[in-house]
Amino acid sequence: MREILRVERLGKNHGGYRGETIDIRAILRDLETTARQHGWAGESFGRQGEFSLFALHRKPELRSQNAEVRIYLSTGIHGDEPAGPLAALRLLQENRWPADAELWLCPCLNPVGFVLNRRENADGKDLNRDYRNPQTAETLAHIAWLERQPRFDLYLCLHEDWESHGFYLYEQNPDSQPSLAETIIAAVKAICPIDLSETIEDRPANGGVIRPNLDPRTRPQWAEAFYLIMNQARLGYTLEAPSDFALPIRVNALVAAVNAALARFNRP
Ligand SMILES: [Zn+2]
């Protein structure tokens, strides 16, 4: 019998994430196996405790006249946000990528965080605040890897928020390219409520979209997304699933969001 998921807040997240946890070792094994089956190459770029930090890379299936697009995805930088690595695994299993896209995927940037079920690494450092003047071994290794990659046309960083009332996203689009935000929100709306608050994380929001109107150079600490927009991409989204909902809903929401963003690059 199929379990019927109630699409409503569970009310569990008092003072932090209190929902389901995942067996990150098993998920990383599945990720590597599935990636290999579908022709991705894996590259280890560092270590974190017992874990290898790794990136996956897939060349375009088609060599078309169209210019290739280069897309970067990452997740698992916060160890109390299990929907991200699960969404990465699902996307690999479904294997529906734009045929002429070159893809990079960092499926878990903080595996020890998942063992501890906490946002930070083993030393209590939030890796997603360490991209301006990096101090942690994990971020230094990740940036060294990023510096060896080409520029990306799009980045997607998959996260969760334990406090939010629904899904929302941050857009960084300094050149005013055609936005993917409304397309992503429309796709997720069918699966999961959107956080329609006018203020989310102290920033003005509109229909689940935050467009941070700030220059990263004025910020003392950089998230991965700030590093990417300053160095490697001119369009990107941080996707935030609401972790007070059931885990499968959040995974479905992130997968739908990624697929909606990638649909732009599905050429006939
Ligand atoms: Zn996060």
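The values are calculated or read from the model by the stated rules, or taken from the named source; none is laboratory data. Bear in mind that the values here come from a model prediction, so they are computed numbers and not experimental data. Here the Cβ positions follow ideal geometry from the backbone for every residue, glycine too, while neighbour counts run over all protein chains shown.
Taking the stretch 125-139 as the range and being touching a residue at least 60 places away in the same chain (Cβ under 8 Å), away from the ligand (no atom under 12 Å from the Cβ) and out of contact with any helix residue (DSSP H, G or I) (no Cβ under 8 Å at 6 or more places or on another chain) as the test, only Ala137 passes. Scanning the stretch 92-114 for residues that are surrounded by fewer than 23 Cβ atoms within 10 Å (Cβ to Cβ), closer than 20 Å to Pro248 by Cα and not basic (Lys, Arg) yields Gln93, Glu94, Asn95. Restricting attention to the stretch 98-116, the residues being modelled with pLDDT of 95 or more and not in a strand (DSSP E or B) number 10.
Scanning the stretch 23-38 for residues that are in a strand (DSSP E or B) and surrounded by fewer than 20 Cβ atoms within 10 Å (Cβ to Cβ) turns up nothing. Look at the stretch 140-162: where a residue is within 19 Å of Ile71 (Cβ to Cβ) and a partner is charged (D, E, K, R) and within 13 Å of the ligand (Cβ to nearest atom), sitting 6+ places away or on another chain with Cβ atoms under 7 Å, you get Cys157/Glu224; His159/Glu81; His159/Glu240. Each residue in the stretch 186-204 was checked for being small (Gly, Ala, Ser) and under 13 Å from Leu239 (Cβ atoms), and 1 of them qualify. Within the stretch 163-177, the set of residues being more than 15 Å from the chain's Cα centre (by Cα) and touching a residue at least 12 places away in the same chain (Cβ under 8 Å) comprises Glu163, Ser164, His165, Gly166, Asn173, Pro174, Asp175, Gln177. The condition (being at positive phi, within 16 Å of the ligand (Cβ to nearest atom) and in contact (Cβ under 8 Å) with a residue 24 or more places away in the chain) is satisfied by just one residue among Gly76, Gly19, Gly113: Gly76.
For first residues located in the stretch 25-36 and farther than 12 Å from Pro111 by Cβ, partners that are part of a helix (DSSP H, G or I) and lie 6+ apart or on another chain with Cβ distances below 7 Å form the pairs Asp30/Leu89; Thr34/Leu89; Thr34/Leu92; Thr34/Gln93; Ala35/Leu92. Residues in the stretch 208-252 that are free of Cβ contacts under 8 Å to residues at least 40 places away in the same chain and either under 16 Å from the mean Cα position of the chain (by Cα) or under 18 Å from Leu73 (Cα atoms) (or both): 1 in all.
Once the stretch 142-160 is narrowed to residues that are among the aliphatic types (A, V, I, L, M), under 26 Å from Ala241 (Cβ atoms) and away from the ligand (no atom under 14 Å from the Cβ), the residue that is nearest to the chain's Cα centre (by Cα) is Leu154.
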